[in-house]
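Encoded as structure tokens, the structure appears first; notes follow it.
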Amino acid sequence: MPLTPQQLLSHLEGLGIVTRTIEHPPLFTVSQSRELRGELPGGHTKNLFVKDKKGRFGSAEQLMEKLGVEPGAVTLFGVVNDREQAVTVAIDEGLLAFDTINAHPLTNTMTTALSREDLMRFLQSTDHAPLVIDVEPRPQAE
């Protein structure tokens, strides 16, 4: 059985990770989440669950099987349910420029903030060392 949001938050606490979680109406789009961002400083995750070359996006069934979440609630925290390490986490290096990172704790009706260092510590605790990539190339300084 996948962890519940409360079990995830307890797990983070057990790792010594300090979080701040707020509840809100379900968020399904980036524009909906932008309305909430004024209350939540830091970087905000945008998450995709993609497959190999044979298919672009994973199905709702695969998402539940691998990460224990439903469509609309894809989150970095979902790897806590991937005990077989079948999922590779890729993080935009631009997100890591923020001291605080916000993500859904296995549901899109809550947002949890934690430090960049604590996010990395959480990912390491699940044996999901992230692949850091430059998703949105920025102009190089001259």
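Name the pairs: first residue in the range 101-119 and part of a loop (DSSP other than H, G, I, E, B), second residue open to solvent by 30 Å² or more (accessible area, probe 1.4 Å), Cβ to Cβ under 6 Å, at least 6 apart or on different chains?
Pro105/Pro5; Leu106/Pro5; Thr107/Pro5; Asn108/Pro26; Asn108/Gly72; Thr109/Pro26
Just to be sure I understand the filter: pairs with C-beta atoms under 8 Å, separated by 6 or more residues or on different chains, first member in the range 1-17 and farther than 16 Å from Arg121 by Cβ and assigned to a loop (DSSP other than H, G, I, E, B), second member among the polar types (S, T, N, Q) and open to solvent by less than 70 Å² (accessible area, probe 1.4 Å). Which pairs pass?
Every condition considered, the pairs that remain are Pro2/Asn81; Leu3/Asn81.
Using the structure shown, decide if Gln62 is out of contact with any helix residue (DSSP H, G or I) (no Cβ under 7 Å at 6 or more places or on another chain) and part of a helix (DSSP H, G or I).
So Gln62 passes the test.
Looking at the range 1-10, is at least one residue over 15 Å from the mean Cα position of the chain (by Cα), of a type in the set (Gly, Ala, Ser) and modelled with pLDDT of 95 or more?
Scanning the range 1-10, I find at least one residue that is over 15 Å from the mean Cα position of the chain (by Cα), of a type in the set (Gly, Ala, Ser) and modelled with pLDDT of 95 or more, so the answer is yes.
Conditions tested, residue by residue: (1) aliphatic (A, V, I, L, M); (2) open to solvent by 10 Å² or more (accessible area, probe 1.4 Å); (3) more than 15 Å from His44 (Cα to Cα).
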| site | (1), (2), (3) |
| --- | --- |
| Gln62 | no, yes, yes |
| Leu76 | yes, yes, no |
| Glu84 | no, yes, yes |
| Val87 | yes, yes, yes |
| Asp92 | no, yes, no |
| Pro105 | no, no, no |
| Met110 | yes, yes, no |
| Phe122 | no, no, yes |
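At pLDDT 85 or above and over 20 Å from Leu131 (Cα atoms) - does that describe any residue in the range 42-51?
Yes, the range 42-51 contains a residue that is at pLDDT 85 or above and over 20 Å from Leu131 (Cα atoms).
The values are calculated or read from the model by the stated rules, or taken from the named source; none is laboratory data. On a predicted model such as this, the values are computed, not experimentally measured, just so you know. Positions of Cβ are generated from backbone atoms using ideal geometry, with glycine treated the same way; all protein chains shown enter the neighbour counts. Please note that ligands, DNA and RNA were not included when accessible areas were found on the heavy atoms of the full protein model with its side chains. Shrake-Rupley method; radii C 1.70, N 1.55, O 1.52, S 1.80 Å.
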